[in-house]
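Structure first, then comments.
Since every read-out is calculated from the coordinates, none of them should be taken as a lab result. Since the model is a prediction, treat every value here as computed from it, not as a measurement. Cβ placement follows ideal geometry from the backbone for every residue including glycine, while neighbour counts extend to all protein chains displayed.
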Amino acid sequence: MNVLLVNPWIYDFAAFDLWAKPLGLLYIAGALQKLGCSVHLIDCLDRNHPGLAEIKSNKWGCGKYYKEEVEKPPVLRHIPRKYKRYGIPVSLFEKQLENENPDLILVSSGMTYWYPGVFKAIEILKKRFVDVPILLGGIYATLCTEHAKRYSGVEVFPGGDIAKIIEKIFSVAGRRMNKEGYNLQNAALRKLFDSLYPAYELYSKLDYVAIRTSRGCPFRCSYCATGLLSDTFVQKNPDKVVDEIEYFCKNLAIKNVAFYDDALLFNAENHIGEILTGIIRRKINCYFHTPNGLQARYINERIASLMHRANFICPRLSLETTNVMRQRETGNKVTNEEFKTAVKNLYNAGYKTGEVGAYVMMGMPGQDFKEVEDSIKFVSDLGAKVFLVEYSPIPGTKDWQEYKFNFRDPLFHNNSIFPLYDIEDWGKFQKLKDFTRQRNESNNQ
């Protein structure tokens, strides 16, 4: 069976490739390959696409996307910013489709408010492959299922269980599963997860890979959707994680690896501790990044030392706020004292001022600007780098239910437009960004 996988464009006011890869789609690709399928990938967000002029990356593999300004959707016309399509030109996508002859097409979806890119890809695919079934999955399809079913024009399959997705693919294509491959109906989730590598060989050039050492999250933060995307928490066998990292570094000449885990340090001594020990023992020479944030309470002296020895670059800790009440209300995953201890342990392990980072969130429900400023000062006074992130209301979360959010269009989930605040407040957010920049620059001097 020939399966075409498509990762659509981003339609947004801003976007940057911070180790962003369609990891779920790549795991599905790996599973399909093991089942004997012919798999092709078109990643519209591939900055190294052979049809594009070279786009520079920084030393860690990140960089800007190719972009084109597009018309704003009517509901966003009041936003005083330019709206863009990020990713390869549409003409390049259409040209690449000329070489495809799929039996089935699987389209992924990222942030809920990026659905215009999903719809654009589906529109083109339906015109080109009139009789080929198209399945839509991913984050948007899972969190906004009814919206996707109503407006996408294709079959929607929510959820992130790879086994169920593969079964659905074969069911829609009208084919029986290869009996010599995995029996996905009976395989344990852990066994399946442990054995799969994301199919990065489908790319012609890579600056980094993203991997996941676990599935789901044991925490239930009030603003986070991970528990909705995966209702179980499973960690991979540490030795198999090290095998996977070693494979990509040796076979694909990878130098940068990003962990996509939502709870990378949970069960630290038996999981990440063993992974880092294996990396050091095997002398795997690459750099590791943590864009999803780390739980500070698990960074003891030993874990901090292993992180430094294994080449963790600017570990990013999840703090969000120093407001004690809000910390408790949003999930109770960190205290200010635990954060201080983690930063101290990282410094003692060898990290210097400005080489440890922390996420601080702004635009949360009921949050005033002083709370954000106090949090920025707290992090900066410890010598850590502040990464400001904007709050996004996500359907199905505890916050969504508690505050009774009722946005008529997923486009209003976009954190770039501070959906809980008036445009008149944007100047205050910009002041917080400027203040953060000044504090970070001061720590770097």
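The string of couplings for the range 428-441 from the Karplus curve (6.51, -1.76, 1.60, θ = phi - 60°) is 5, 5, 5, 4, 5, 5, 5, 4, 4, 4, 5, 5, 5, 5 Hz, one whole number per residue in order, with x for Gly and Pro. For K398, the aspartates and glutamates whose Cα comes closer than 12 Å to its Cα, not counting residues fewer than 8 places off in the same chain, are E329. The distance linking the range 51-125 with the range 245-264 is 25 Å (Cα centroid to Cα centroid, whole angstrom). Amide H contacts for V360 (H built 1.01 Å from N in the peptide plane; partners 5 or more residues away or on another chain; cut-off under 5 Å): E320, F387, L388, V389. Extending 7 Å from Cα along the Cβ direction at N270 and again at R77 yields two label points whose distance is 5.8 nm. The residue list V257, Q430, F378 was ranked by how far each Cα lies along the charge dipole of the chain toward its positive end, using unit charges on Cβ atoms, and V257 comes out on top. In order along the range 88-95, phi translates into HN-Hα couplings of 4, x, 4, 4, 6, 4, 5, 5 Hz, rounded to whole numbers, per the Karplus curve 6.51 cos²θ - 1.76 cosθ + 1.60 with θ = phi - 60° and x for Gly and Pro.
Cross-link check: pairs K127/K168; K21/K120; K149/K240; K72/K433; K168/K333 evaluated at a Cα-Cα cut-off of 31 Å; pairs beyond the cut-off: K149/K240; K168/K333. Here the simple spin-label model places points 7 Å from the Cα toward Cβ, and for Q438 and V389 these points are separated by 2.6 nm.
When each of D425, D43, D161 is scored by the number of other beta-carbon atoms lying within 10 Å, the sequence from fewest to most is D425, D161, D43. Out of P218, P158, L228, whose Cα points farthest toward the positive end of the dipole of the chain (charges: +1 Lys, Arg; -1 Asp, Glu; placed on Cβ)? With unit charges placed on the Cβ atoms, the residue in question is P218.
Once the other residues with Cβ under 14 Å from the Cβ of H289 are scored (Lys, Arg +1; Asp, Glu -1), what is the net sum? Here the charged neighbours net out to +2.
Only helices enter this figure: runs of n ≥ 4 DSSP H residues, each worth -39500 (n - 2.57), summed and divided by the residues of the chain, yield -10500 deg cm²/dmol at 222 nm to the nearest 500.
The phi-based Karplus calculation (6.51 cos²θ - 1.76 cosθ + 1.60; θ = phi - 60°) puts the 3J(HN,Hα) values of the range 367-373 at 7, 8, 6, 5, 4, 5, 4 Hz, whole numbers, x for Gly and Pro. What aspartates and glutamates does K164 reach when the alpha-carbon gap must be under 17 Å and sequence neighbours fewer than 8 apart in one chain are set aside? Here the aspartates and glutamates satisfying the reach criterion relative to K164 are E155, D194, D231. Amide H contacts under 5 Å for E155: I134, L136, restricted to partners 5 or more places along the chain or on a different chain, H placed in the peptide plane at 1.01 Å from N. Here the chain is treated with +1 on each Lys and Arg Cβ and -1 on each Asp and Glu Cβ, and its dipole about the Cα centre works out to around 480 debye. When you filter the GluC sites (Glu not before Pro) in the range 255-320 for DSSP loop state and at most 13 other Cβ atoms inside 10 Å of their Cβ, nothing is left. When you filter the GluC sites (Glu not before Pro) in the range 64-115 for DSSP loop state and at most 10 other Cβ atoms inside 10 Å of their Cβ, you are left with E71, E98.
When +1 charges are put on Lys and Arg Cβ atoms and -1 charges on Asp and Glu Cβ atoms, the dipole computed for the range 208-444 relative to its Cα centre reaches about 720 debye. Cβ-to-Cβ counts within 10 Å put H308, H78 in ascending order as H78, H308, the fewest first. Quote the FRET efficiency, to the nearest 0.05, computed for I423 versus K377 with a Förster distance R0 of 30 Å and r equal to the Cβ-Cβ distance. FRET efficiency, I423 to K377: 0.65.
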